[in-house]
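So the structure is just underneath, and the comments pick up after that.
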Amino acid sequence: AAGVIQSPRHLIKEKRETATLKCYPIPRHDTVYWYQQGPGQDPQFLISFYEKMQSDKGSIPDRFSAQQFSDYHSELNMSSLELGDSALYFCASSSGQEARNEKLFFGSGTQLSVL
Amino acid sequence: AQKVTQAQTEISVVEKEDVTLDCVYETRDTTYYLFWYKQPPSGELVFLIRRNSFDEQNEISGRYSWNFQKSTSSFNFTITASQVVDSAVYFCALSGVRAGGTSYGKLTFGQGTILTVHP
């Protein structure tokens, strides 16, 4: 079965550079979520989108922005990168139509290293 | 505010032993979902189970079983006859419930329990 696809798998950037992470949800899933997991930490919710509109916002820095496109894929844009942004970034997707069988599926994550 | 506490930071067992991972949660919501995820060394988060707060029936899936006790706000996870491949970080998580019954994807995770199963 198709899963949540994230790209790139690994990304290395310098301080103050920008980065774009992409997420392709499971087909027919209309909701995407972004999480940040620092080393040895639990995942922290950043932001979510439902039907291309922002649905919820967590501890996302102002330097970050995200959007969901018409094909439901999502991109997380990160500017003025800082060393502390080094983390594993997860995208997850779900379908708002399948409450009974809903499972929140995560992608494999993008490992961002800021040098 | 929601909070999830996993009492054990690390657990080490020998293969074939049974192991229980504890999870205690706090929420003001009357309806909520509880989850368990597995994060193997490769890093991905693998969905294991979602439990509705209205359903206190325990669940068994192969060697995995879950004990949900609303009275003590606990959702413990037991692996029977553990195997080396069970070595991973296990996260318990909590979310609210939307009007339509789906979960908010804004999960509150516990700090995780590192399980190491030795051969």
| In debye, nearest 20: dipole of the range A:1-67 around its Cα centre with unit charges on the Cβ of K, R (+) and D, E (-)? | 220 debye
| remark: Going residue by residue through the range B:60-76, the Karplus relation 6.51 cos²θ - 1.76 cosθ + 1.60 with θ = phi - 60° gives ³J(HN,Hα) values, rounded to whole Hz and with x marking Gly or Pro, of 10, 9, x, 8, 9, 8, 10, 10, 9, 10, 5, 4, 10, 6, 10, 9, 8
| request: Over chain A, with every protein chain in place, what whole percent of the accessible area is carbon and sulfur at 1.4 Å, could you tell me? | output: 47 percent
| note | Here the tail fraction of P(r) beyond 21 Å, over all Cα-Cα pairs of the protein assembly as shown, rounds in percent to 56 percent
| For the range A:32-74, alpha-carbon Rg and Dmax in angstrom | 11.0, 35
| Per-residue HN-Hα couplings for the range A:65-81, Karplus 6.51 cos²θ - 1.76 cosθ + 1.60 at θ = phi - 60°, whole Hz, x for Gly and Pro? | 9, 8, 7, 10, 9, 4, 8, 6, 6, 10, 10, 10, 9, 10, 10, 6, 4
| message | Under the rule of at least 5 residues apart or a separate chain, name every residue whose amide H is placed under 5 Å from the amide H of B:Ile11. | response | B:Ile114, B:Leu115, B:Thr116
| request: Can you tell me how much longer the chain between A:Met53 and A:Gln111 gets when fully stretched, taken as 0.36 nm per residue apart minus their C-alpha distance, in nm with one decimal? | output: 18.3 nm
| query | For chain B, modelled as a Gaussian network with Cα springs under 10 Å, which listed residue fluctuates most, B:Gln69, B:Gln57, B:Gln83? | reply | B:Gln57
| field | Highest-MSF residue in chain B out of B:Ser74, B:Ser42, B:Ser65 [GNM, Cα springs under 10 Å] | value | B:Ser42
| note | Per residue, the convex hull enclosing the alpha carbons of chain A has a volume in Å³ of 99 Å³
| Hey, which of these cross-link pairs are over 19 Å Cα-Cα: A:Lys52/B:Lys106; A:Lys103/B:Lys106; A:Lys15/A:Lys52; A:Lys57/B:Lys106? | A:Lys15/A:Lys52
| request: Using Cα positions and a limit of under 19 Å, work out the aspartates and glutamates in reach of B:Lys16, with same-chain residues fewer than 8 apart set aside. | output: B:Asp86
| message | Under the √(5λ) rule applied to the eigenvalues of the Cα gyration tensor, what semi-axes describe the equivalent ellipsoid of the range A:1-66? Give them in Å, descending. | response | 21, 16, 13
| message | Probe of 1.4 angstrom, ligands and nucleic acids ignored: what's the accessible area per residue over the protein assembly as shown, in square angstrom? | response | 48 Å²
| query | Using the C-alpha atoms of chain B, what convex hull volume per residue, in cubic angstrom, is computed? | reply | 100 Å³
| task | Compare A:Gly58, A:Gly40, A:Gly84 in a GNM of chain A, Cα atoms joined below 10 Å, and give the one with the largest fluctuation. | result | A:Gly40
| query | Are there trypsin sites (Lys or Arg not before Pro) in the range B:5-99 that DSSP puts in a loop and that have at most 15 other Cβ atoms within 10 Å, and which ones? | reply | B:Lys16, B:Arg28, B:Arg63, B:Arg98
| In the B-A interface, the accessible area buried, summed over both sides, Å² (probe 1.4 Å) | 1800 Å²
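The values are calculated or read from the model by the stated rules, or taken from the named source; none is laboratory data. Keep in mind it's a predicted model, so treat the numbers as computed, not measured. Every residue, glycine among them, receives a Cβ derived from its backbone with ideal geometry; neighbour counts consider all protein chains shown. Accessible surface areas use protein heavy atoms only, side chains included; no ligands, DNA or RNA. Shrake-Rupley method; radii C 1.70, N 1.55, O 1.52, S 1.80 Å.
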